[in-house]
Amino acid sequence: MSWFVKFWGTRGSIPAPGPQSRKYGGNTSCVEIHADPALLICDGGTGLRELGLDLQKRKKGEPIRGHFLFSHTHWDHIQGFPFFVPAYDPRNEFLVYGTSRGDRRTFDLLSGQMRSDYFPVEFSELRSRIAPADLGDGHAHVEGFSICCVELKHPGRCFAFSFEREGKKVIYATDNELDLILADPEQPRREPAVLRTFPEPLVEFMRGADLLIGDGQYTDDEYPTHVGWGHSRASTLVDLAMAAECRQLAVFHHDPMQSDRDVDRKIDLCRERAARHGGKVVVFGAREGLELRIG
C-alpha cells in the first residue's frame, strides 16, 4: 500500500505570510504522513490549522485518530496546536509522543501553552481524547510504521524521526545545526566547495532514505551571522544527503526573511552543489501543499 507525505508548513522561526511567500508558503513547520487510516503529524506549527480543516473535509464526520510527533517545543513548532479544530471534537483521539519511555514533556508543554495567561481556551476544554504516549527506547511500531528517533544539534534539544513502511523510508530532521557537529570541526572554516563529513551514527540513521526532510534555513552567505542559532546551511544539508545516499532531499524550515525568489536561488545553489560533486539526490524546496507518494 502506498503512503504519502504532505507539507502544511515549511517556514522556520515565525510565520511569514504575504505576497513574497506565495510559492513556498508562510506557515511554520507541519508535515503529514498518512496511509489510510494511519495518520502521523510531525510538528504543530501554524500549518497545523489548515491540516485540521482539511482532515475535517476528508473524514466527512468520521472519527479521526492521529499521532503527534514533535521535534521539539519551540513556538514555531507548537503554535498551531490551539487552532487545530479536530482537537475540539469529542469523536476524535490524538496521542502525543515522547522520545523515551515515560517521557511526557511535550504533552505537558502543549497543555501549558493553553493556560489563560497565553490563550483564552484552556487545554482542559479540548473535547477530543488527547493522551501522552512514547517511543519506548527510541523505537516503536505505530499503525504499520516503524518509527525511530535520534537527537539533533539545537538549543533546548530536538529530535529527528525516521518512518519506515513496506521497504520505504522517510526522515524528518528539522532544526539541526549540522556545521557544529561535523566529523572534522575545522570544516566550517573551509571553502564551501569542500564536501563536509558527519558523525557516522547520524549518517547511518538517514542511510538510504527515499526522502529526507531537512533543515536548510540559511545560505552560505547568511550562516556566519547565525552560528549557534540551531539551524543549518542548505549546502551542508546537501552534503549530508549525499553522504547518506538519500534519494530525495526536501530543503525545509526556510528563513522568514527569505522571499520565494530567495528560496529559489537557495535551491538552485543546492542543486549545483550536488551536481558538482556527482550527487544523485533530487533536491527541491519544501513548499506548502506539496504531496508526495512514497512507493
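The values are calculated or read from the model by the stated rules, or taken from the named source; none is laboratory data. All figures in this text were calculated on a predicted structure; none of them were measured in a lab. Here the Cβ positions follow ideal geometry from the backbone for every residue, glycine too, while neighbour counts run over all protein chains shown.
Would you check which residues across region 181-204 are touching a Ser or Thr at 6+ places or on another chain (Cβ under 9 Å) and aliphatic (A, V, I, L, M) and list them? The answer is LEU182, ALA183, VAL203. None of TYR97, TYR118 is out of contact with any strand residue (DSSP E or B) (no Cβ under 8 Å at 6 or more places or on another chain) and of a type outside the set (Val, Ile, Thr) except TYR118. SER71 falls short of the stated requirement of being without any contact (Cβ under 8 Å) to a residue 60 or more places away in the chain and either on the phi < 0 side of the Ramachandran plot or small (Gly, Ala, Ser) (or both).
Of these, LEU135, LEU126, LEU110, which one is within 28 Å of ALA173 (Cβ to Cβ) and either at pLDDT below 95 or touching a helix residue (DSSP H, G or I) at 6+ places or on another chain (Cβ under 7 Å) (or both)?
Numbers: LEU135 fails: either at pLDDT below 95 or touching a helix residue (DSSP H, G or I) at 6+ places or on another chain (Cβ under 7 Å) (or both); LEU126 fails: within 28 Å of ALA173 (Cβ to Cβ).
The conditions single out LEU110.
Return the residues of region 16-36 that are part of a loop (DSSP other than H, G, I, E, B) and surrounded by fewer than 20 Cβ atoms within 10 Å (Cβ to Cβ); say none if nothing qualifies. If the condition is that a residue be part of a loop (DSSP other than H, G, I, E, B) and surrounded by fewer than 20 Cβ atoms within 10 Å (Cβ to Cβ), then PRO17, GLY18, ARG22, LYS23, ASP36 are the ones that fit. Considering only residues in region 76-105 that are of a type in the set (Gly, Ala, Ser) and buried (at least 21 other Cβ atoms within 10 Å of the Cβ), the one that is nearest to the chain's Cα centre (by Cα) turns out to be GLY80. Taking residues in region 210-226 that are in contact (Cβ under 8 Å) with a residue 12 or more places away in the chain and surrounded by fewer than 19 Cβ atoms within 10 Å (Cβ to Cβ), and partners anywhere that are among the charged types (D, E, K, R) and assigned to a loop (DSSP other than H, G, I, E, B), the pairs with Cβ atoms closer than 6 Å and at least 6 places apart or on different chains are ASP210/ARG247.
Within region 242-269, the set of residues being in contact (Cβ under 8 Å) with a residue 40 or more places away in the chain, out of contact with any Phe, Trp or Tyr (no Cβ under 9 Å at 6 or more places or on another chain) and closer than 19 Å to GLY208 by Cα comprises MET242, CYS246. Within region 106-129, how many residues are surrounded by 13 or more Cβ atoms within 10 Å (Cβ to Cβ), among the polar types (S, T, N, Q) and under 14 Å from TYR88 (Cβ atoms)? Adding up the residues that qualify gives 1.
Of the strands (runs of 3 or more DSSP E) lying entirely inside region 95-204, those containing at least 3 residues that are under 30 Å from THR219 (Cα atoms) span 145-151, 159-165, 168-173. Among the residues of region 37-75, those that are part of a loop (DSSP other than H, G, I, E, B) and more than 20 Å from the chain's Cα centre (by Cα) comprise PRO37, LYS60, GLY61, GLU62, PRO63, ILE64.
Checking the condition within 27 Å of PHE7 (Cα to Cα), among the hydrophobic types (A, V, I, L, M, F, W, C) and touching a Pro at 6+ places or on another chain (Cβ under 8 Å), which residue from VAL150, VAL142, VAL170, VAL203 passes?
Going through VAL150, VAL142, VAL170, VAL203 in turn, just one is within 27 Å of PHE7 (Cα to Cα), among the hydrophobic types (A, V, I, L, M, F, W, C) and touching a Pro at 6+ places or on another chain (Cβ under 8 Å): VAL150.
Just one of the listed residues (HIS141, HIS154) is modelled with pLDDT of 95 or more and surrounded by fewer than 14 Cβ atoms within 10 Å (Cβ to Cβ), namely HIS141. Of all residue pairs spaced 6 or more apart or on separate chains, those with beta-carbon atoms under 8 Å, a first member in region 271-295 that is within 30 Å of GLU50 (Cα to Cα) and a second member that is part of a loop (DSSP other than H, G, I, E, B) and of a type in the set (Val, Ile, Thr) are GLY285/THR10; ALA286/THR10; ARG287/THR10; GLU288/THR10. Would you confirm whether or not region 32-40 contains a residue that is of a type in the set (Val, Ile, Thr), modelled with pLDDT of 95 or more and touching a helix residue (DSSP H, G or I) at 6+ places or on another chain (Cβ under 8 Å)? There is no residue in region 32-40 that is of a type in the set (Val, Ile, Thr), modelled with pLDDT of 95 or more and touching a helix residue (DSSP H, G or I) at 6+ places or on another chain (Cβ under 8 Å).
From the residues in region 227-274 that are of a type in the set (Ser, Thr, Tyr) and in a helix (DSSP H, G or I), which one is surrounded by the most Cβ atoms within 10 Å (Cβ to Cβ)? Walk me through it before giving the result.
In the first step, residues of region 227-274 are kept if they are of a type in the set (Ser, Thr, Tyr); the result is 232, 235-236, 259.
The next check asks that each one be in a helix (DSSP H, G or I); those that pass are 235-236.
Details: SER235: 24, THR236: 28.
Only one residue fits best here, namely THR236.
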